[in-house]
Amino acid sequence: MESIAGVLSLTDAQNKLLQEYRQFTETEIAPFANEWDRAGKLPRSVLTGMAEAGYLGTLIPVEYGGSAFSLVAFGLLNEAIGVGCSSVRSVLTVHSMVCQAITRWGSAAQRERWLPRLAGGQWVGAFALSEPDAGSDAAQIAATARPDAEHYVLDGTKKWITYGQAADVFLVFAGNEGRLSAFVVERDTPGLTVEPLDDMFGTRAAMLAELHFDRCRIPRAAMLGRPGFGLVAVAGAALDIGRYSVAWGSVGLAQACLESSLRYARQRRQFGVPVFDHQLIQRLITNMATTVSAARLLCLQAGELKEAGAPASVAAVWMAKYFASTGAFQVAADTVQIQGANGCHPAGSAQRLLRDAKVMEIIEGSTQIQQAMIAQLIPHAA
Ligand SMILES: Cc1cc2nc3c(=O)[nH]c(=O)nc-3n(C[C@H](O)[C@H](O)[C@H](O)COP(=O)(O)OP(=O)(O)OC[C@H]3O[C@@H](n4cnc5c(N)ncnc54)[C@H](O)[C@@H]3O)c2cc1C
């Protein structure tokens, strides 16, 4: 792995950005997160507000209406939104994956058609790779895209699609004459029906859906990249960004847990003192604070390496996501522990944070896939 000399903590400028993004979260997102979680829905206005702040166009060049954030700034935004609500952060993740894919692989005409609307929030994107029988092993995709005279005819089912209930445009992966390819499918295309998947365990407000494609005719111009580029090139790069976003989002989730635990432990009294004064509680909080700091540094390392275009960024992103998501789950479990019965009740955030943290260990490469992959990605000793 390349040297990361100098990357020891957030710079003053990065800290300032993080505070700016957190301010947005604290007014527009965090106060409503429990309510959205209970309702299992997000109001579109939260995404409109994010678009107005430039947060939906972060990976889109300025010439297409984007805000062209650095990758570290994009990461910090994901941390800040993750502090407030992992459902919103999940929508930001998949939307950003679609933006990144179209920016990187789209023709000029494709970029012109989709990017300005995605940057402006008129359209929100969703990422449709998983199927009922294709999860970690995405190569098992059964959806097909058969060419006819002027179209591709799309058939198949996509499952667990974040924001599928309300997204306007889907990045869909399907087999095309034996090769997996990527297609951009607009929501109003005849033959596409959307079935809500409600009452999920975590990120309940992320509005998941199952997508059914039944002889859904999409224009030839809807293919992104070349035939056969779908899985390794288009999905590979999008998943790298998604993993990076989830890693930072997990830092935010863990940071929210730390802040909530500190507040609670100082105010809750048992045995005549704040529970904070009990050393076993201090131990939990020490471990939380250390996990948050370490996860943030791994994310920062990944961001700096990505920004530099370093090949080592791939492993760095996997490590950041692995550490941050598993760490966030432990931190969230300890947050519920510190808050006792109050931590289990929906009036507080602790139980939501724990449910959301479990999802971080499943999406964008499950913990087990991370454990197998990272060993394969690190350089071998001679
Ligand atoms: C809230 C939520 C949102 C999601 N959003 C999206 C989305 O927007 N778009 C999308 O395309 N998909 C989405 N998904 C699906 C997600 O990508 C898959 O859940 C993920 O890829 C894991 O697949 P699976 O759930 O089918 O588990 P499986 O792949 O069936 O795995 C089951 C278990 O086996 C383990 N396992 C699998 N393979 C191995 C192996 N080789 N070695 C060791 N253990 C293994 C896994 O870690 C897991 O514990 C979402 C899922 C959730 C829960």
**Fill in**
Over segment 89-105, the set of residues over 23 Å from Leu298 (Cβ atoms) and more than 12 Å from the ligand (Cβ to nearest atom) is Cys99, Ala101, Ile102, Thr103, Arg104, Trp105
**Message:** Residues that are at pLDDT 95 or above, in contact with a Pro (Cβ under 9 Å, 6 or more places away or on another chain) and in a loop (DSSP other than H, G, I, E, B): does segment 202-209 have at least one?
**Reply:** yes
**Message:** Could you tell me how many of the residues in segment 55-74 are of a type in the set (A, V, I, L, M, F, W, C) and assigned to a loop (DSSP other than H, G, I, E, B)?
**Reply:** 5
**Prompt:** Just to be sure, is Ala308 buried (at least 23 other Cβ atoms within 10 Å of the Cβ) and assigned by TED's automatic domain parsing to the domain that holds Ser366?
**Reply:** no
**Request:** Scan segment 146-174 for residues that are polar (S, T, N, Q) and within 9 Å of the ligand (Cβ to nearest atom) and jot them down.
**Result:** Thr162
**Hey, Glu186 free of Cβ contacts under 8 Å to residues at least 60 places away in the same chain, under 18 Å from Arg111 (Cβ atoms) and surrounded by fewer than 21 Cβ atoms within 10 Å (Cβ to Cβ) or not** = yes
**Request:** Kindly check whether there is at least one residue in segment 250-266 that is part of a helix (DSSP H, G or I), within 14 Å of the ligand (Cβ to nearest atom), modelled with pLDDT of 95 or more and closer than 30 Å to Thr157 by Cα.
**Result:** yes
**Prompt:** Got at least one residue in segment 123-133 being under 30 Å from Glu307 (Cα atoms), more than 9 Å from the ligand (Cβ to nearest atom), open to solvent by 10 Å² or more (accessible area, probe 1.4 Å) and modelled with pLDDT of 95 or more?
**Reply:** yes
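I'm trying to understand the selection: among the residues of segment 112-159, which are at positive phi and either assigned to a loop (DSSP other than H, G, I, E, B) or assigned by TED's automatic domain parsing to the domain that holds Gly65 (or both)?
Gly121 - this is the single residue of segment 112-159 that is at positive phi and either assigned to a loop (DSSP other than H, G, I, E, B) or assigned by TED's automatic domain parsing to the domain that holds Gly65 (or both).
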**Request:** Kindly provide the set of residues from segment 340-374 that are under 22 Å from Ile281 (Cα atoms), touching a Gly at 6+ places or on another chain (Cβ under 7 Å) and open to solvent by less than 20 Å² (accessible area, probe 1.4 Å), ordered by number.
**Result:** Ala350
**Fill in**
Over segment 160-171, the set of residues in contact with a helix residue (DSSP H, G or I) (Cβ under 9 Å, 6 or more places away or on another chain) and outside any loop (DSSP other than H, G, I, E, B) is Ile161, Val169, Phe170, Leu171
**Message:** Residues to consider are Ala73, Ala143, Ala108; find the one that is within 13 Å of the ligand (Cβ to nearest atom) and either more than 30 Å from Gln14 (Cβ to Cβ) or surrounded by fewer than 24 Cβ atoms within 10 Å (Cβ to Cβ) (or both).
**Reply:** Ala143
**Request:** Taking the residues in segment 160-183 that are open to solvent by 50 Å² or more (accessible area, probe 1.4 Å) and charged (D, E, K, R) as candidates, determine which candidate is farthest from Ser86 (Cα to Cα).
**Result:** Glu177
**Request:** Identify all residues within segment 146-159 that are open to solvent by less than 60 Å² (accessible area, probe 1.4 Å) and acidic (Asp, Glu); write none if there are none.
**Result:** Asp148, Asp155
**Asked** Is it the case that Arg268 is farther than 25 Å from Glu79 by Cβ and surrounded by fewer than 20 Cβ atoms within 10 Å (Cβ to Cβ)?
**Response** yes
**Message:** If Ile81 satisfies all but one of (1) aliphatic (A, V, I, L, M); (2) part of a helix (DSSP H, G or I); (3) closer than 25 Å to Glu210 by Cα, what's the number of the condition it fails?
**Reply:** (3)
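The values are calculated or read from the model by the stated rules, or taken from the named source; none is laboratory data. Quick caveat: nothing in here was measured; it's all calculated off a predicted structure. Note that each Cβ is placed from the backbone with ideal geometry, even for glycine, and that neighbours are counted across all protein chains shown. Note: areas computed on protein heavy atoms with side chains; ligands, DNA, RNA excluded. Shrake-Rupley method; radii C 1.70, N 1.55, O 1.52, S 1.80 Å.
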